[in-house]
Amino acid sequence: MKSKHLSTGILIFFLSILPFVSQAQRIEEDDNRAGFNLNRPEREEWLRDLGFGLFIHWAHDSQLGIVISHSLAGASDDYCRRYFEELPRTFVPDRFNAAEWARLAKVTGVKYVVFTTKHHSGFCMWNTETTDFGIMNTPFKRDILKELTDALRREGLAVGFYYSPEDFKFLYDNGIPINRGDLKFTPGFVKKYEAFIEAQCRELFTRYGKVDLLFIDGEPKDPAKYTGWKLQPDLIVTRGAINTPEQTVPGTASDVLWESNLTMGTQWQYKPTNDDFKSGTRLIEILIETRAKGGNLLLNIGPHPDGYIPKEQEERMREIAAWMFINREGIYGVRPWIVTNEENLWFSRSKDGKDVYVYVTGLPDWPKGTRKEFLLHSVKATARTKGSVLGQNGRVVEYSAAIPDTRVEQTPEGLKVSCVRAQRIYNNSKWPNPVVIKLENAEPALDPPQIVTASAVNENGRVRMTGKLASTGDSDRLNAGFQFRPYAGFVENLYSTDWEESSCVELHAAGEYSVEVPHLTKGVEYEYRAAVKHPQITVTGEIKRIRVQ
């Protein structure tokens, strides 16, 4: 890639290892891969501390309540013409109020907001000189990006831009069929395309103050990210430089920056009908799982075409807001514990390693004022260990003489923690969302085994799954098998938490093992993961998929 906007040294290094990719992403699931990374390490650590962000997908086709941009692929010439020429004339989001959006984001507990400056259609949500296909050429005629970035900074929130270098309007104007498959371009067109991308990114990174994050969706990513890094060296590129799993959470923890991005329902942009929203509780559980595995969660909303946040989405944001107001200490600035979870109990630790957070999920009917007891196997008490429930003082239950203290006792079976849900969060005294227990000055109680999900093959209508025990940890009595379930789909796979289990084999040393899983339904695609049972805990591996033949 030739560019007069890049320094010679960076350009030569870049050319030697990252040739320009002249084709669109093949499928959305593959675009989360990490690329060449010039993010400053201290900035990545800063983002890891934030932990929770808000994604906003919004463009002029939200008027139709359809998938953002993608309806153009395979569309007729008449559809494309009306999409590019007619639809902007009716986009008048006169109920847009950047200050209201920023206040809602702030109270929700997010620390950063990533806004869709331009999706694949090419419609620009800022005042651009590179095209007339944008917000300034609608009856609204206001720089939405400027208003929003100013409002976010007033609320102390970090600013992120989503930018798509793929541009269907640019292809359309140059007589190239709109598609996201193998698009082969001439060298002359590549040069023109790169110049267009760089011109847009120069506007974004010189006109809107400090930009903290850049999420690049589609190809070619490199002109966008190198322009961003050159103009703003503190910029953190997420997609395009780090792992950004979409609509899923990885199966294992990682102690480097990664970020899951997912929707509340099934669609990124506003969908007025036929959507299936995750509950507020489920979204909180996903946030907990993401943080327990060392990642950030970027949770998406799709504003109404008139400019406000739809009721179903605002309701979930405010449910999360209540939970975050109580428990945010267990979300910001945490890192993975030695295990991610023990059944429905999830874990993280403070950055300094002194505190362990235990997230109690799967107990939606824990009545206020009642005591429950938990046995932890991965955590050990010290002489200075102290327990508490986040948000509670441990002394008062309203209208009750009960003392809601948190009691910690080390036993031969494990660490026994006894606590009370004491606060009245809702008037009916029911609170369906996770309680977080803080254990100060606790230590690891064991050295967990390490398991790797290898492969699965069809054998005469049966499936044989293979895993690898990478480390036995502190036990030579282990049973290894697999967990599996039907794959619900790219968007829907986070709606379920249930897994079935295969038979196990006994292992006494590290190495490969395999298990035959009979009676799976032919023609069905399954998710599966390796699982090893330590005498005290179960550890699972990364999630993979196979279609049964």
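The values are calculated or read from the model by the stated rules, or taken from the named source; none is laboratory data. The model shown is predicted, which means the values in this text are computed figures rather than measured ones. Please note: Cβ atoms are built from the backbone with ideal geometry, for glycine as well, and neighbour counts cover all protein chains shown. Side chains included, ligands, DNA and RNA excluded: accessible areas come from the protein's heavy atoms. Shrake-Rupley method; radii C 1.70, N 1.55, O 1.52, S 1.80 Å.
Key figures
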{"read-out": "Where labels lie 7 Å past Cα in the beta-carbon direction, separation of residue 411 and residue 476 in nm", "value": "3.0"}
{"read-out": "Euclidean distance between Cα centres, the stretch 301-316 to the stretch 102-155, Å", "value": "15"}
{"read-out": "The chain, accessible surface, carbon-and-sulfur percent (1.4 angstrom probe)", "value": "48"}
{"read-out": "At 0.890 mPa s and 25 °C, Stokes D of the stretch 25-126 from Kirkwood alpha-carbon radius, µm² per second", "value": "147"}
{"read-out": "Accessible area of the chain divided out per residue, in Å², using a probe of 1.4 angstrom", "value": "42"}
{"read-out": "Per-pair calculated FRET efficiency, R0 = 22 Å: residue 492 and residue 344 via Cβ, rounded to 0.05", "value": "0.55"}
{"read-out": "Cα centre as origin, Lys/Arg/Asp/Glu Cβ charges: the chain dipole, Debye", "value": "960"}
{"read-out": "For the stretch 367-474, convex hull of alpha carbons as volume per residue, Å³", "value": "171"}
{"read-out": "Residue 508/residue 276 FRET efficiency (R0 41 Å; Cβ-Cβ; nearest 0.05)", "value": "0.35"}
{"read-out": "13 Å beta-carbon shell around residue 450, net charge (K/R +1, D/E -1)", "value": "-2"}
{"read-out": "Length released on extending from residue 191 to residue 516, taking residue separation times 0.36 nm less the Cα-Cα span", "value": "111.7 nm"}
{"read-out": "Stokes-Einstein diffusion coefficient of the stretch 67-148, Kirkwood radius over Cα pairs, 4 °C, 1.567 mPa s, in µm²/s", "value": "91"}
{"read-out": "Translational diffusion of the stretch 276-363, µm² s⁻¹ [Kirkwood Rh, Cα pairs; Stokes-Einstein; 37 °C; 0.692 mPa s]", "value": "234"}
{"read-out": "Cα-based equivalent ellipsoid of the stretch 483-549: semi-axis lengths in Å, sorted from largest, via gyration tensor", "value": "23, 15, 10"}
{"read-out": "Dipole axis of the chain (+1 Lys, Arg; -1 Asp, Glu on Cβ), positive-most option in 209, 339, 478", "value": "209"}
{"read-out": "From the C-alpha gyration tensor of the chain, square roots of 5λ in Å", "value": "42, 29, 22"}
{"read-out": "With DNA, RNA and ligands ignored, accessible area of residue 506 (1.4 Å probe; Å², nearest 10)", "value": "120"}
{"read-out": "Principal axes of the stretch 147-220: Cα extent on each, largest first, Å", "value": "45, 21, 17"}
{"read-out": "Three principal axis lengths of the stretch 191-286 [C-alpha, angstrom, descending]", "value": "44, 37, 26"}
{"read-out": "252, 90, reordered so the largest accessible area comes first (probe 1.4 Å)", "value": "90, 252"}
{"read-out": "Two-site FRET efficiency, residue 375 against residue 426, from Cβ-Cβ distance with R₀ of 35 Å, rounded to 0.05", "value": "0.75"}
